[in-house]
Each structure stands twice: as C-alpha cells, then as structure tokens.
1. With the requirement that a residue be within 24 Å of Pro3 (Cα to Cα) and out of contact with any Ser or Thr (no Cβ under 8 Å at 6 or more places or on another chain), what does the stretch 27-39 give you?
2. Just to check your reading of the model, which residue among Ala2, Ala10, Ala17 is at pLDDT below 90 and small (Gly, Ala, Ser)?
3. Quickly run through the stretch 2-44 and pick out the residues that are hydroxyl-bearing (Ser, Thr, Tyr) and surrounded by 10 or more Cβ atoms within 10 Å (Cβ to Cβ).
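The values are calculated or read from the model by the stated rules, or taken from the named source; none is laboratory data. Bear in mind that the values here come from a model prediction, so they are computed numbers and not experimental data. Here Cβ is always computed from backbone atoms with ideal geometry, including for glycine, and neighbour counts include all displayed protein chains.
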Amino acid sequence: MAPLGLGWKARAKKELALMEDLTPLLRKLAQGKEISGLEVYDRA
C-alpha cells in the first residue's frame, strides 16, 4: 500500500478495511485450514 502515498495511520485504516473484506473470502478458499496470522484481523 506504500504507492498510495499514505501515512502510517491512514495506511493502517486501509489495511484493516481491506482485510475486513478479504477475511471471509480467504477463509472460504482455505476450506477450513488455518491461515497463519489471520487471527490478528479477527481482533481488530
């Protein structure tokens, strides 16, 4: 996300919004398998 020219606060907000949208899709694609590091976004 660096090419967007965002500061760290704005970049963090964009990342959380993106992961909120992607998490259900990633879980579906993983078919029940664990995705390392994904639980961090569940608590955000």
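1. Gly37
2. Ala2
3. Within the stretch 2-44, Thr23, Tyr41 meet the criteria.
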